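Enquirer: Pasting in a structure now, in structure tokens, and then I'll have a few things to ask.
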Amino acid sequence: MTMLYWAAIPLESVFEGFDSMTCNWIETEYQGIRMFVEPCGQGFGRVVRLLSANPYDYLNPHLAPGSIVPLTATGTSL
């Protein structure tokens, strides 16, 4: 992922703590679409990222980042 930052402060200040961030993402499949979700309890997860080559999947508002989807038993932790 490429990011562009314009800041009048040193990069060390901008990215402080960036290397120590941890993610609790799980790769799972919902409605035939692979995605990364962040578990939010009770068998549900919040969509973080879709892993699909179909552009129409990204237009589905039910799969937008932040949406809640049920988790399956086939998910694997990162």
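The values are calculated or read from the model by the stated rules, or taken from the named source; none is laboratory data. The model shown is predicted, which means the values in this text are computed figures rather than measured ones. Counting neighbours? That spans all protein chains shown, and the Cβs are built from the backbone with ideal geometry, glycine included. To get the accessible areas, we keep the full protein, side chains included, count just its heavy atoms, and leave off ligands, DNA and RNA. Shrake-Rupley method; radii C 1.70, N 1.55, O 1.52, S 1.80 Å.
Enquirer: Restricting to segment 50-60, count the residues that are among the small types (Gly, Ala, Ser) and open to solvent by 100 Å² or more (accessible area, probe 1.4 Å).
Expert: The first filter runs over segment 50-60 and keeps only residues among the small types (Gly, Ala, Ser), leaving 52-53.
Keeping just the survivors that are open to solvent by 100 Å² or more (accessible area, probe 1.4 Å) gives 53.
Qualifying residue count, segment 50-60: 1.
Enquirer: Quick one: is Ser52 more than 13 Å from Val69 (Cα to Cα) and touching a helix residue (DSSP H, G or I) at 6+ places or on another chain (Cβ under 9 Å)? Even if it seems obvious, please write down each step before you answer.
Expert: Details: more than 13 Å from Val69 (Cα to Cα): yes; touching a helix residue (DSSP H, G or I) at 6+ places or on another chain (Cβ under 9 Å): yes.
Against the criterion (more than 13 Å from Val69 (Cα to Cα) and touching a helix residue (DSSP H, G or I) at 6+ places or on another chain (Cβ under 9 Å)), Ser52 qualifies.
Enquirer: Count, please, the residues in segment 3-49 that happen to be open to solvent by 80 Å² or more (accessible area, probe 1.4 Å) and either on the phi < 0 side of the Ramachandran plot or in a strand (DSSP E or B) (or both). Talk me through it step by step, then tell me what you get.
Expert: Within segment 3-49, the first condition is being open to solvent by 80 Å² or more (accessible area, probe 1.4 Å), and the residues that meet it are 3-6, 8-9, 11-12, 16, 18-22, 24, 31, 42, 44, 46, 49.
Then keep just the ones that are either on the phi < 0 side of the Ramachandran plot or in a strand (DSSP E or B) (or both); that gives 3-6, 8-9, 11-12, 16, 18-22, 24, 44, 46, 49.
Residues that pass the stated criteria total 18.
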